[in-house]
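Participant: My questions will all concern the structure given below.
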Amino acid sequence: MLKPKLIMPKRLIHQQSIIRGEEFGVLCWNTQKLTQTAAFQMELARLLQQYPSLFLLLQEAKLNVNSNTHFPSWSYAIAPNMQTKRSVFGVLTASQAAFTDVQPRLTRKREGMIATFKSHMLSYHPLEGDQSLLMVNVHAINFVSANYFLREMELLKFELLDHNGPLIVAGDFNVWSRQRRHYLQAFCDSVGLRQAYMNDPQHIKTYRQHPLDFIFYRDLWLKEATAIDTSTVSDHNPIYARFAL
């Protein structure tokens, strides 16, 4: 049902590397398929003035398949999990820095209630020298047993263990139970990830009192992290972190 084609919509226009020593921001947001609405565009512009960002990590992004005018000043790529004749939906990573590689992934398992996949994306961004920053934009599988969630996280773990360099893994992890949260923590421990703990954590989307959205990192200095109240746009609020290499 609605399985996306293998084509990955993308627009890669930037060439610059990330400079060591400079700080950069990461804005992560489950946008509830509202990325084409005026309300979202206005709120995003406001957020970026207050929270300057080198990276946008969006989940449940929606793009028009016949248009290439989305995010005009950004390089971006989307890893779809659903597609119709007019629209594509999935995780979208946008940046003002160059992309050297983009690897979209679909979950092996379909979700139980609506028979759709989830997606995540690995994108590599050059640093000065020969290393890359690996960004992983995740919308974790939902409506399946915790064991299927574990299997998907194990597959991602083995992809990340080979990366020698800075790493950010962020998104909506759908960890709405103790078992799922335990599996997520085990995944982070196995890859050497630290959690960016947010100021104003009451603004983070929760279900059954479990927060769903996270930013994890490795080999970076965390300068600040906060959850931002924008409840008039999506059912999730954005979370933001600022790092230095």
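The values are calculated or read from the model by the stated rules, or taken from the named source; none is laboratory data. Bear in mind that the values here come from a model prediction, so they are computed numbers and not experimental data. Every residue, glycine as well, gets a Cβ built from its backbone with ideal geometry; the counts of neighbours run over all protein chains shown. Protein only, heavy atoms only, side chains kept; ligands, DNA and RNA dropped before computing areas. Shrake-Rupley method; radii C 1.70, N 1.55, O 1.52, S 1.80 Å.
Participant: Which lysines, if any, have their Cα less than 22 Å from the Cα of residue 85, not counting same-chain residues under 8 positions apart?
Facilitator: By straight Cα distance, residue 85 reaches 3, 5, 10, 33, 62, 118.
Participant: Suppose every K and R has +1 on its Cβ and every D and E has -1 on its Cβ; what is the size of the dipole of the range 144-245 about the Cα centre, in Debye to the nearest 20?
Facilitator: The calculation lands at about 260 debye.
Participant: Sticking with this structure for a sec: Averaged per residue, what accessible area in Å² does the chain show with a 1.4 Å probe, protein chains only?
Facilitator: For the chain, the per-residue accessible area is 46 Å².
Participant: Just to check I understand the Karplus step: with θ = phi - 60° and J = 6.51 cos²θ - 1.76 cosθ + 1.60, what whole-Hz values come out for the range 226-241, glycine and proline as x?
Facilitator: Whole-Hz 3J(HN,Hα) from phi for the range 226-241: 7, 9, 10, 7, 9, 5, 7, 10, 10, 7, 10, 9, x, 10, 9, 9.
Participant: Further, regarding this structure: Quantify, in whole percent, the carbon and sulfur part of the accessible surface of the range 103-245 (1.4 Å probe; protein heavy atoms only).
Facilitator: Its accessible area is 47 percent carbon and sulfur atoms.
Participant: Ok, one more. For residue 45 and residue 164, what does the FRET efficiency come to when R0 = 41 Å and r is the distance between their Cβ atoms, rounded to the nearest 0.05?
Facilitator: 0.65
Participant: Here is a follow-up. Would you mind working out the magnitude of the charge dipole of the chain relative to its Cα centre, with +1 at each Lys and Arg C-beta and -1 at each Asp and Glu C-beta, to the nearest 20 Debye?
Facilitator: 960 debye
Participant: Need one word for the chain: rounded, prolate or oblate. Basis is the Cα gyration tensor (sqrt eigenvalues a ≥ b ≥ c); a/c below 1.5 gives rounded, then a/b vs b/c decides.
Facilitator: rounded
Participant: Also, I was wondering about something else. If each of residue 19 and residue 194 carries a label point 7 Å out from its Cα toward its Cβ, how far apart are those two points in nm?
Facilitator: About 2.5 nm separates the two model spin labels.
Participant: Measuring from centroid to centroid over Cα atoms, what is the spacing of the range 177-199 and the range 202-245 in Å?
Facilitator: 14 Å
Participant: Determine the dipole magnitude for the range 66-171: charges of +1 sit on the beta-carbon of Lys and Arg, -1 on that of Asp and Glu, nothing else is charged, the reference point is the Cα centre, and the result goes in debye to the nearest 20.
Facilitator: 640 debye
Participant: Oh, and also: I want to make sure I understand the PRE zone here: with the label point 7 angstrom from the Cα of residue 147 toward its beta carbon, which residues in the range 78-120 have backbone N atoms less than 16 Å away?
Facilitator: Residues 109-110, 112 fall inside that zone.
Participant: Work from the charge dipole of the chain (Cβ charges, +1 for Lys and Arg, -1 for Asp and Glu, about the Cα centre) and give the residue of 75, 137, 106 farthest towards its positive end.
Facilitator: 106
Participant: What ranking, highest mean first, results for peptides 175-186, 89-100 when packing means the other Cβ atoms within 10 Å averaged over each residue?
Facilitator: Sorting 175-186, 89-100 by mean packing, highest first, produces 89-100, 175-186.
Participant: Once you have the Cα-Cα distance between residue 222 and residue 66, take 0.36 nm times their residue separation minus that, and quote the gain in nm to one decimal.
Facilitator: My answer for the length gained is 52.3 nm.
Participant: Under the rule a/c < 1.5 gives rounded, and otherwise a/b versus b/c splits prolate from oblate, where does the range 175-225 land using the Cα gyration tensor?
Facilitator: Oblate shape, in that a/c is at least 1.5 and b/c is the bigger or equal ratio.
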